[in-house]
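*Asks:* This structure is in C-alpha cells; I'll ask about it shortly.
The values are calculated or read from the model by the stated rules, or taken from the named source; none is laboratory data. Everything numeric here is computed off the predicted structure, so don't read it as measured data. With ideal geometry, Cβ positions are generated from the backbone for all residues, glycine too; neighbour counts draw on all protein chains shown.
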Amino acid sequence: MASKKTNNWNWTAVFLWSLFAALLIGLDQWTKYWIQHRMIVSDSERVTDFFNLVVAYNTGAAFSFLADAGGWQQPIFLVLALVISVVILCLIAKNSSKPFLCFGLSLVLAGAIGNAYDRMNLGYVVDFLDFHAVNYHWPAFNVADICICVGAFIVIIWEFFRSK
C-alpha cells in the first residue's frame, strides 16, 4: 500500500501509530472506569506489601501540581495537551522511518489524550495505582501516566543514542 506523503511526511504512519495510541487510550479509560465502579474515593485496597489500589481525583498536573489552584489551570492543561498532541502527530509524520521514536511518541500521545479526556469530561484525572515503601507513598497514577513516562523515556533514549 502506497503511503500518502506531503513534504516527506508519512500520513499512513500517523494513522497507524494513532491506532496504536487509540488502543492505549481505550485501555486507560477502561481501567479508570473499572476502578471507579469497584471502589469509592479515598478507598484503599491492599494488593501487595508495596502496592495498593486507590481512587484519587487529581485536578492538578503531575504529582498534583496546581491541584489547589481553583480550576483556572484546567483549560491551560487541555490546550497544552492539544498542542502536544498536534506536535507529536507532526513528529510521527516526519519521522515515520524511525519506529522506536514513533513508538515512544505514540505512548506520550496516548497518555496526553487519555488524561485530557478525563479533564474535559470530569474536571479531574482519575488516578488509582499506589506504590509505597514503609510509610512513603509515591503519588497515585494511572495508565496514561505510565504511557507518558515510558514514552518520554524512549524518546530521550532514542535522542541520546541518535546523537552518538
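*Asks:* Residues Gly151, Gly111: which one is over 27 Å from Arg46 (Cα atoms), modelled with pLDDT of 95 or more and of a type in the set (Gly, Ala, Ser)?
*Replies:* The conditions single out Gly151.
*Asks:* What residue, among those in the range 1-50 that are among the β-branched types (Val, Ile, Thr) and surrounded by fewer than 14 Cβ atoms within 10 Å (Cβ to Cβ), is modelled with the lowest pLDDT?
*Replies:* Thr6
*Asks:* A further question follows. Would a scan of the range 123-146 turn up a residue that is touching a residue at least 60 places away in the same chain (Cβ under 8 Å), surrounded by 13 or more Cβ atoms within 10 Å (Cβ to Cβ) and closer than 15 Å to Trp17 by Cα?
*Replies:* Among the residues of the range 123-146, not one is touching a residue at least 60 places away in the same chain (Cβ under 8 Å), surrounded by 13 or more Cβ atoms within 10 Å (Cβ to Cβ) and closer than 15 Å to Trp17 by Cα, which makes the answer no.
*Asks:* Could you list, in sequence order, all residues of the range 121-151 that are assigned to a helix (DSSP H, G or I) and touching a helix residue (DSSP H, G or I) at 6+ places or on another chain (Cβ under 6 Å)?
*Replies:* Answer for the range 121-151, where residues must be assigned to a helix (DSSP H, G or I) and touching a helix residue (DSSP H, G or I) at 6+ places or on another chain (Cβ under 6 Å): Val143, Ala144, Cys147, Ile148, Val150, Gly151.
*Asks:* Hey, another quick one. In the list Ile154, Ile84, which residue meets the criterion of being in contact with a Gly (Cβ under 6 Å, 6 or more places away or on another chain) and in a helix (DSSP H, G or I)?
*Replies:* Ile154
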